[in-house]
Amino acid sequence: MKNQQIVFVDSAVEDWQSLAGGVKAGIEVILVDRARDGIEQIAAALERRKDIEIVHIISHGESGSLQLGQTSLNSDNLETYRDCLRRWFSSSVSSIQNKFEILLYGCNVAAGEKGAAFVQKLSQLTKASVAASADITGSAEKGGNWLLEYATGVIETGLAIEPEAMANYAHALATFVVTNTNDAGPGSLRDAITQANATAAPPHNINFNIPGAGVQTIAPLSSLPIITVPTVINGTTQAGFAGTPLIQLDGTNAGATTNGILITGSGSTIRGLAINRFRGSGIFIVGNAATGNFVLGNSIGTDPNGTADLGNAASGVVVDNAPGNTIGGTAAADRNIISGNDAFGVLINAAGATGNRVLGNIIGTNAAGTAALPNTLTGVQISGGSNNIVGGITAGDRNLISGNGSAGVFIDGATATGNTVLGNFIGTDINGTAKVSNVGFGVAIQNAPNNTIGGNTAGARNIISGNNAFGVVILNTPATSNAATGNRVLGNFIGTDVSGTAKLSNTLTGVLIQDAASNTIGGTTAGDRNIISGNDGFGVQILNGNATLNSVLGNYIGTNSAGTAALPNIIGVVVDNAPNNTIGGSVAGAGNIISGNSSPSAGLGVQITGASATGNTLRGNSIGVAANGTSPLGNSSLGVQITAAASNNAIGGTAGEGNIIANNGNIGVGVNSGTGNRIQNNSIFGNAGIGIDLGNNSITANDPGDPDTGANNLQNFPVLTTANVSGGNVTVAGTFNSIPSANFTLQFFANTPPGTQGQTLIGSATVTTDAAGNATFNQVFPVAVAPGQLITATAIDAAGNTSEFSAQPIPVVAPLGSITGIKFNDVDGNGTQTAGELGVAGVTVFLDTNNDGILGAGETSVTTGANGSFNFPNLPAATYNVREIVPPGNRPTTPNPVSVALAAGQTTTVNFGNQAIPPVLGSITGIKFNDADGNGTQTAGELGVAGVTVFLDTNNDGILGAGETSVTTGANGSFNFPNLPAATYNVREIVPAGSQPTTPNPVSVTLAAGQTTPATVNFGNRSTPTPAVLGSITGIKFNDVDGNGTQTAGELGVAGVTVFLDTNNDGILGAGETSATTTSPLGSFNFPNLPAGTYNVREIVPAGSQPTTANPVSVPVLGSITGIKFNDVDGNGTQTAGELGVAGVTVFLDSNNDGILGAGETSATTTSPLGSFNFPNLPAGTYNVREIVPAGSQPTTANPVSVIAH
């Protein structure tokens, strides 16, 4: 294949991806691993391929040198690689004899005699034509181009990279490689820096390829060249680098004041070096032109591992009057270890040092961040520089600044403004859980304005804890400089661990403002809040006369980060001889939680001390309660103390500016000395001592005219006489004595017993004393105050001197009320007394205290008067259960008891109605059923019988008489006699015709008084069986002389012949054919009482005779129906004694059962004078026997009656 090409791209080339991606289609691209010998990599790749004619190599270069992986191929080692280079084309055969080409894309490879000689020698060894660049290769903006100006032989092949990719490439392919540890000469660091400075079109790369394993130490004998052009010195390029520097710059012999690396130009990066033991600083970046430089991943002042102190004699890194440089980075690989140096860790110096960043570093500890490896002075010092940032808001931005011999961070100078310190751990280990103390302050701002420590997001929070002095200090030196102003400290944890739940104390005060004005600690949002707790000194101290107009807002001081538990400082806030500062405020979020502070010798919430401590305000704070504003979390001693002649300070203020001062272990507010201290609009309660104490001697008695002096001039307090509530108002009356003819503000408070301080302000009033110094007051406040609350008051003069609380609290008394009513006879039972319903006298009504329904010992009772009225007077406001004792025989028609919530002074009416209890009525119920089996009990399938009369037979005569109650059974046979008074009853049924009872009739039932369960009576009937109508067969057994079959004259009967009814017609008198008979002496025989039917009548023919008549004879027997028509006087359906027959009534057989005597119904008959009738000679069958009921009568028996004739 002709012109088979391959491209090798070194992975150390900046943005190699765009070059590899820009190679022309059809050309193979192989990436050279920067960590391995690139010459061998190329040889191995070419040996596996055939017919390769053209090799393109894209890599960094310099005159006479080409960087290939970790190896520099140069004039000095070409012969060393002779055999390897000859293998490059050993597997290929050119389409033109001996015509191979190599194109080298690297800056300056062919530059000068050295470069030309290198290219020629490479051509000889590979037997290929070689083209290389004699100037900068790469971006035109970097001074480069893509021409390969020098060649051996004729190069027929064009460049392998598409023109568009070349045009878009933003870098140059210049690299200088340090190949030895020599102080000077080729391959030395000194020489590489010199060449880089002298080479046009930076930036340049200085890489390392020093033979040998482990740390390679370069020990300069004098200062290295100043870096003046953008250059990357990259120690990570040394073979074997795995995160810990392998290139060490040891300045032991470099000379006095010598810095390790000095940068005066822009855009350089120092990466992956250990820089130690220089007599100056490790890295020194200086001058306004030195901007955009990066210091990344170095160990500065320590051994390469960051474990041993090999400090530079001055600072680790100095940025002197240089802007916009970066020390460290967010990635772990960018983190510098800057420890062990004999001055500062990092120094940002002079007004021109602006916009620099220090992030992600470990400054003052070992590499693990667990033990001190101190810089002798400050970890990070900003002297005069502005708008610099130390740290950041991500975990990667965080610096660990701990273990240093002075402060962690120090910002100094009037031009040091706008600097921000955020997101760092200062004084702790790397986890923020243990101390690795800075010997001095955590953060100090001296004579510098408008800097910010922290921020209002969690990521911006510094942990400033574990330091051996103050956490944060803002001060002016001298005190009159007035430069440290406008600084903010917000969102930090100062004195706690990273969780905010455990102490990690600074040994002195958490935040100190000394002689500095107009600074702010905290803010009004939750994010602004500092947690200033757990410090071995004060939480916040504002010190000296020039410390004025400072604000402490929205912080938790003495508690954990949730504000729920104590992490005590010795004192929460101290204002010491400092005027006009503000602790808290009236806007939402401005108040501090100052709680949980504790010490055997102090334990105060707030102390204002010293004669210069004037005009300070303490407003809107919670002192002694948790963050929820209610849970106790007291300071161990006073809530607030004003002492040492501090005057004219304000504890509280106008409405909404008051503090909660509660639950503290001693006095609420103590004024030991000083005057004009105004204590106003606060809520003071639950403190172990008195609420306000003037002179630290408990209650100070009033004196006439109030002439005395002392703390707040020992202002007299009001004397209270009464406190009454009525209609939602409370009226407080009393007297006041003080200096004559002066105005005073009186403030009144309500307290939950046993509190005698000033828990809830109910209002204020102004009084003016008369010439004798006296005033009275009777003040009404539109406030609901519960009776029993204790009222206290203070007095405030025009100068603000505030008294103690009144010595004798007055309980609030409510007007008494009453409960009245009427006990009445509620005739209609509607629960309301209406016209004609009179009161009932002599009934007991009582207040059932325990609501047990019983008038018990100590329970108040009254008896209703003649008109039923009652009254419970003089009742305090409460809830009462008003109950009557219901008279016997009555029931209540109104609620009993009635719960009455009686307000103060209220009269409430409760009426009780009773109604006589009516007698309890009973009932008798039952079922009339068809008792088919006649056992007297209704069983399954025995249905109820409807339409049957059941009555209460009062006189028990068996007849339903006038006035006797009756009912008719329903569809299911049920009946009911409701509302029956207690008595004995005869319950009787009228048995239906054609039936007979199977149960007793009547049944005697006794209903008891009050019986509510119905008595049950069931009646069972079954049909009355119809008597069978019987017939007979008679005849003569005769001697038929003439044999004609008929008895004629002279033919006598024959006795003693057996005649029988041959049931089975077998001719034999068989067993069970018991109707056999023997003829009489006259030959007659008779079979009586035979049911209708056909019988085989057979004789047993006497011996010697023969029958002349049929034998047997089949004889049908006819039946008959007889009966009586009678006058059923008692209507019970049965003819009893005295009930006579009725003549002349037609009874007929109603063949078609239509109720009418119709044509052909010829068996009709008329009753005899005794009422009897007879239907003889009836064939077997069922007949409907019906009477025609005489006019004016009604049947008492079934009509018709169905009769079976046999």
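Restricting attention to the chain, close to 45% of DSSP beta bridges with both partner residues there are antiparallel. Our note on the geometry: Cα centres of the stretch 623-684 and the stretch 139-196, 75 Å apart. Cα centroid separation, the stretch 444-506 to the stretch 872-942: 78 Å.
Decide, for the stretch 667-811, between rounded, prolate and oblate: order the square roots of the alpha carbon gyration tensor eigenvalues as a ≥ b ≥ c, take rounded if a/c falls under 1.5, and otherwise choose prolate if a/b is larger than b/c, else oblate. Oblate, since a/c reaches 1.5 and b/c is not below a/b.
Per-residue Cβ neighbour counts within 10 Å put GLU113, GLU837 in the sequence GLU113, GLU837, beginning with the fewest.
Mind pulling up the Rg/Rh value for the stretch 1100-1147? Radius of gyration and Kirkwood radius, both on Cα.
On the way: Rg = 23.9 Å, Rh = 15.9 Å.
Rg divided by Rh gives 1.50.
Counting every other Cβ atom within 10 Å of each residue's Cβ, THR894, THR194 order from fewest to most as THR194, THR894. Could you tell me which of rounded, prolate or oblate describes the stretch 4-173, using a ≥ b ≥ c as the square roots of the eigenvalues of the alpha-carbon gyration tensor, with rounded for a/c under 1.5 and, failing that, prolate when a/b is larger than b/c and oblate otherwise? It is rounded, given that a/c, with a ≥ b ≥ c, falls under 1.5. If you sort the three axes of the alpha carbon gyration tensor as a ≥ b ≥ c, you get a/c of 1.5 or more for the stretch 1118-1206 and a/b above b/c, which makes it prolate. Taking only the C-alpha atoms of the stretch 225-273, Rg followed by Dmax gives 12.2, 33 Å.
Between LEU1140 and ALA562, the modelled labels are 11.4 nm apart [label points 7 Å from Cα along Cα→Cβ]. In whole Å, what is the distance between the alpha-carbon centres of the stretch 691-743 and the stretch 253-331? About 71 Å separates the Cα centre of the stretch 691-743 from the one of the stretch 253-331.
Stretched out straight at 0.36 nm per residue, the stretch from ALA835 to ILE1124 would grow longer than its current Cα-Cα span by 97.1 nm. Cross-link check: pairs LYS99/LYS127; LYS121/LYS142; LYS50/LYS127; LYS50/LYS121 evaluated at a Cα-Cα cut-off of 19 Å; pairs beyond the cut-off: LYS121/LYS142; LYS50/LYS121.
Counting only DSSP beta bridges whose two residues both lie in the stretch 175-441, roughly 5 percent are antiparallel.
Can you tell me which of 510-521, 1187-1198, 720-731, 67-78 comes out highest on packing, and rank the rest after it, using the mean Cβ neighbours within 10 Å? Before the final figure, lay out each step's value.
Values: 510-521: 26.9, 1187-1198: 13.0, 720-731: 17.2, 67-78: 22.1.
Ranked by mean Cβ neighbours within 10 Å, highest first: 510-521, 67-78, 720-731, 1187-1198.
Taking a sphere under 12 Å around the Cβ of ILE531 and counting the other residues whose Cβ falls inside, with K and R at +1 and D and E at -1, yields a net charge of +1.
Other residues lying with their Cβ under 14 Å from the Cβ of LYS114 contribute a combined charge of -3, Lys and Arg counting +1, Asp and Glu -1.
Each reported figure results from applying straightforward, stated rules to the coordinates on display, with no laboratory input. Please read all numbers here as calculations on a predicted model, not as lab measurements. Note that each Cβ is placed from the backbone with ideal geometry, even for glycine, and that neighbours are counted across all protein chains shown.
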